[in-house]
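The values are calculated or read from the model by the stated rules, or taken from the named source; none is laboratory data. Note that this is a predicted model, so its numbers are computed, not measured. Cβ sites come from the backbone with ideal geometry, for glycine too, and all protein chains shown count toward neighbours. Just the protein is used for accessible areas: all its heavy atoms, side chains included, with ligands, DNA and RNA removed. Shrake-Rupley method; radii C 1.70, N 1.55, O 1.52, S 1.80 Å.
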Amino acid sequence: MRGAQPGDALRIEILDVQTATWGWTGCRPDGIGLLDAALAAEGLTPYTHFWDLRARTHTDFLPGIRLPLAPFPGVIGVAPAATGPHPTAPPRHVGGNMDIRQLVTGSTLWLPVEVPGALLSCGDLHGAQGDGELSGTGIETAGQLTLRVHVERSAGVTTPEFTTPTSGGTSRQWHATTGHHPDLMTAARTALRALLRRLQARGLTLEQAYVLASACVDLKISQIVDAPNYTVSAFLPLDIFGGAEG
């Protein structure tokens, strides 16, 4: 991104996500899924399911089992300042393979810039996915992603943050912060601490922010399969402030 410098943030608006006409989800005993090793002992065999995505709004798994589609990019990230090479699978504090299913059309993502130009990359589209991506894959598919990108100077963003119109709750819009770490508790603490900073920026004391978060913030495991890092997202319902906000 022209003009982006370390200390800035990229503000990325997800304008549209269109999938291809088909996708796939699979599992295998030697894969990266949450229970691969345990289920291998029970006789798990390699399996791939192909999905018909032509309806655009839903897809049928088996007769009587229909899933709604909610397409999103699994990968959005910028380059880390640390010297490489860097494997692409694990997400980091600069984003990457986060597999956060709430990054749908209408969402806005902020990423901290660590190198000149930021070097934004994105892809890995999914037609749908549950929180965690438990077998190691969602509905993997090709497609087209439309973004609008802005540079925000000295934004104070240290870990990916986003707003989204969907989180599974009753609010019309949510602000979420993320943590990425091999230890799930550390990832959760990183996400929560970043969210408390956002509440403090609204004028709350640290204590007020902490107890408000305990009353209404949702911690979600966004992905648990992209070794070595887990991703935890902390969701704040923005409707509590008297109306959805961006």
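Annotations for the structure displayed:
- The shape of the chain can be summarised by an equivalent ellipsoid whose semi-axes, obtained from the alpha carbon gyration tensor, come to 29, 20, 20 Å from longest to shortest.
- If R0 equals 45 Å, the separation of the Cβ atoms of residue 16 and residue 41 corresponds to a calculated FRET efficiency of about 0.55.
- The accessible-area ordering, largest first, of the residues 210, 230, 47 stands as 210, 47, 230, per a 1.4 angstrom probe.
- The heavy atoms of residue 27 present about 40 square angstrom of accessible area, all protein chains included, probe 1.4 Å.
- Distance in nm between pseudo-label sites at residue 153 and residue 208 (7 Å out along the Cβ direction from Cα): 3.0 nm
- Projected label distance in nm at residue 172 and residue 89, using a 7 Å step from Cα toward the beta-carbon: 4.3 nm
- Helix 184-201 vs. the chain, principal-axis angle (Cα, 0 to 90°, nearest 10): 40 degrees
- 0 to 90° range, to nearest 10: angle between helix 206-216 axis and the chain longest Cα axis: 30 degrees
- Built amide H within the under 5 Å cut-off of residue 72, gap 5+: 126
- Rg/Rh ratio calculated on Cα atoms of region 166-205 (Kirkwood radius): 1.06
- With a 1.4 Å probe rolled over the protein heavy atoms of all chains, the accessible area of 151, 104 falls in the order 151, 104, largest first.
- Added length on full extension, which subtracts the Cα-Cα distance from 0.36 nm per residue, residue 104 to residue 56: 15.9 nm
- Highest average first, the peptides 130-136, 171-177, 84-90, 183-189 ordered by how many other beta carbon atoms sit within 10 Å of their residues are 171-177, 130-136, 183-189, 84-90.
- Pair residue 185, residue 24: separation of 7 Å Cα→Cβ label points (nm): 4.0 nm
- Remark on residue 223: its backbone amide H falls under 5 Å from those of 132, 231, a criterion applied only to residues 5 or more positions apart or on other chains, H modelled at 1.01 Å from N.
- Taking amide H atoms as placed 1.01 Å from N in the peptide plane, the amide H of residue 96 lies under 5 Å from those of 76, 77, 78, each 5 or more residues away in sequence or on another chain.
- Note on region 77-103 and region 205-220: Cα centroid distance 27 Å, given to the nearest whole angstrom.
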